Structure formats: C-alpha cells, structure tokens
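Take a look at the structure set out below.
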Amino acid sequence: GDLAVVAIGDWGGHNDEEPTTESQRLTAVGLRRKALELDASFAMLMGDNFYQHGITGDDSSTRFRDTFEAIYAKLLPGRPFYALAGNHDYGEGLMANVSAQVAYSKRSEQWRFPSLWYKIQRDFEASGQVRSLDVLVLDTVVLCGNGEQNEDFINEELRFLGDTYLNASDDHGLNRRQAAAEAQWAWLEEELAASSADYLWVSGHYPIWSAGNDGSQQCLIDRLRPMLVRHGAHYISGHDHMLEHFVEKGLNMFVVGAGKECCYPPVNLNTTPPTAMRYMLAGELGAQSHPPAPFPVRGGFASMVFRAETVDVALHAHNGTVLYFAPPIARRSRAHHGAAPAAATMMAADATDTIEQSESVPSTMTLIVAAGLGAAPALGIAAALAVAILVARRRCLPGY
C-alpha cells in the first residue's frame, strides 16, 4: 500500500547537436531500476528539460523524442512523467518556446505538463490507513525571473497564457511575468491553506538554499520558505547540479539536480545556513561530497516513499545505489490541515487523472501518486557534517 515516486532534475541532454549525455543515459538506467523495484507510480521531472536553450521549435521538435522518449519513456513504458520548467527551458540567453513543452502533453502518452503550475493529488492506503498526498508543482522562473538579461524573452514566451493576469493586476506597472508570478503566489497560498493532505509537498526548479554554482534563491527564501513552514509542507527542486538535503524549522528541502552530470563544486556554501545542511553530493564525480561519496558518481536522482506515518526520501547515485537516506519525515499534524478543497471529495482512489480548472492558473491537473521503499535513516549525519562543513567553507574561496 505504500506509494512511491522518483524525481530527477536538470536531465535534458547537452544541446540540440548532442541531445543526450552519457551521464544522463547512465542515470536513466538507474532511475528505471529503482522505479521498478519500488513500483513507483510516476516520475517528477524538475526542470531544465532541454539544454542548452530549451525547445526552439514547436511540439513536433525532435528533442522530445531524442532527449525524453528514447531515454526515459522507453525504459519505463506506461509510466507518467510530470514535468515543470527550468531556466534553460525558457531559453537561457535566447528565445525559446516553453509553451511547446505544455503542448507536447497532448502528443505523448507519458509526458505530463498540463500547465506551468498545477496540483498533483493522490489518496492511498498504507498499513490499513487511508492517507493523502498533495504535490503543488511550481514555475519558479515565473516566480523569480532569470536576471534582467532574460526578462524580455520570458515575457514574450508567456504570451500563450493570454492577458488575464496582466488585466487582473492591480499594479499596472507589472510586466507579464511579474503579473503571472503574483497570480501564482496567490494560487499557491490558497492551495497550501486549503490542503487537508497528510503529506504536502511543493516542487519547483530553483532551490531555496543550495551550495552549488547557482546558489541559494533569495526570492524563494523570502516568500516561499515562510509559506512552507506555516503550512507544514516540504520542498524538492533542482537547478544546482548536485544532490543536497537541508532541514530548518521543520522544513525539509531537497536539491536533486544531477540528472545529466555530477556535480557542481560547493562554491556557494556560505549562502546556506551553517546548521541546516544534512547531506551534499558535490564536486566532479562527487569528489567534494559530505560525507564522502563511496565511488565516482556520474549523476543522481531521488526516491520518495509515502507510508502511513512517514515519508522516506533517498538520494541515489546514477546506478541506483543509495547515497543517503534522510531521517523519516512525519506526516503533517492536524494543526496544519486546512479546509479540504471541494475537488478533494471527488477524488477517486485509483490512478485516474482528472483535470481541474483554477481561477489563478490556465489548467490544474489533479492526479494520483504512489510510493514504496524500505530504509533505515542514516544516523549521526548532522553531527558528522558540522565539522566537515566548517572545513569545506574555509576551502570554498571565490573563484574556486
């Protein structure tokens, strides 16, 4: 009855000329092995789906076939992959067509990207108890932007949403992205407050905190982190090409961005709270990890197993080996539960996907998720890391 999910970020090949990388292919095999072992319901694809500059054509682009279908879908036939957008999907310095990734959902049996932000919902039975899971999938590029140099590109790519957000904005000084961001923030707060789920998770591309090249995201530290703490939610993301786990104020934050390579050096360790880090896979082939990696690591992903009282999260190497077991994360306390949305009463207890409409988002997919992984938590990681992180910080000089 446990429900399993696998999650991977920053997986999308190298560029249009090299639509896959060797590490991506190796990690996809490990992902398949673990997904079959756990009988995972689906995979989460946490952005940077198509390097280097996203999809430049339409939903008939060969990149969908070469980078996704042939690498992941073929290895896990019949299993859905739920996607969100990362900065490279918006072009990263060039114009892209992020709407093509949404449109491709209608062409593919396994690619699921119903809108730029949406909800995943699942009821399941574990140890004789009925439990529920909500996953709120975000577009953090819309929320936070990607620097002034990319703002015009992003605004142009968001035209496919229409002018609803712009027209609804009280502050007409907002551009298209900023207006959509405020609508998404409002949607997120409403969904978090209304959720009565036993397990409430949020996923986006940008991390809250991260020690890698891209570092922590102030926009999410300021606005997302307090919302998650207030509602008893947890967060899983990508962006930095590494694996990380942070815990602060009861909030668990995972960075799973090693889908196509491993790994960025921890040059921004000083942007993270000194006591929050629990695990870090970092450096070329994991050479700067804490604790040390057991072998050269080419890439990585996560698995999540939702049980009656806890969820077990594991971080895996490219070959599926568990590098780190997070201590079990308890289901939400009743104090965090909001008023159940009307849609929740209509949920079937099977794996049927349904579509909801939301006032704040073009379309919201409601679906059902699942997990099953057995693992003892790694004990004493935080204590061992305390000294290691201090040492690492002294070594992480600018330009390192």
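Before moving on, here are some points about what is shown:
- Counting Lys and Arg as +1 and Asp and Glu as -1 over every other residue whose Cβ lies under 13 Å from the Cβ of Asp39, the net charge comes to +2.
- Residue by residue, the stretch 278-284 carries 3J(HN,Hα) couplings of 10, 7, 8, 9, 8, x, 4 Hz when phi is fed to the Karplus relation 6.51 cos²θ - 1.76 cosθ + 1.60 (θ = phi - 60°); x denotes Gly or Pro.
- Judged by the gyration tensor of its Cα atoms, with axes a ≥ b ≥ c, the stretch 156-232 is oblate; a/c meets the 1.5 cut and b/c is at least as large as a/b.
- Overall form of the stretch 47-159 per C-alpha gyration tensor (a/c, 1.5; a/b vs b/c): oblate
- Net charge over other residues, Cβ less than 11 angstrom from the Cβ of Leu75 (K, R count +1; D, E count -1): +4
- Residue-wise HN-Hα couplings along the stretch 51-60, as the Karplus relation 6.51 cos²θ - 1.76 cosθ + 1.60 with θ = phi - 60° gives them from phi, are 7, 9, 10, x, 8, 9, x, 10, 6, 9 Hz; Gly and Pro carry x.
- Reachable lysines, given that their alpha-carbon falls under 24 Å from the alpha-carbon of Lys74 and they are not under 8 places away in the same chain: Lys34, Lys106, Lys260
Read-outs: derived from the displayed coordinates by stated rules, not from any lab. Bear in mind the structure is a predicted one, so any value in this text is a computation, not a measurement. Backbone-built Cβ (ideal geometry, glycine too); neighbour counts: all protein chains shown.
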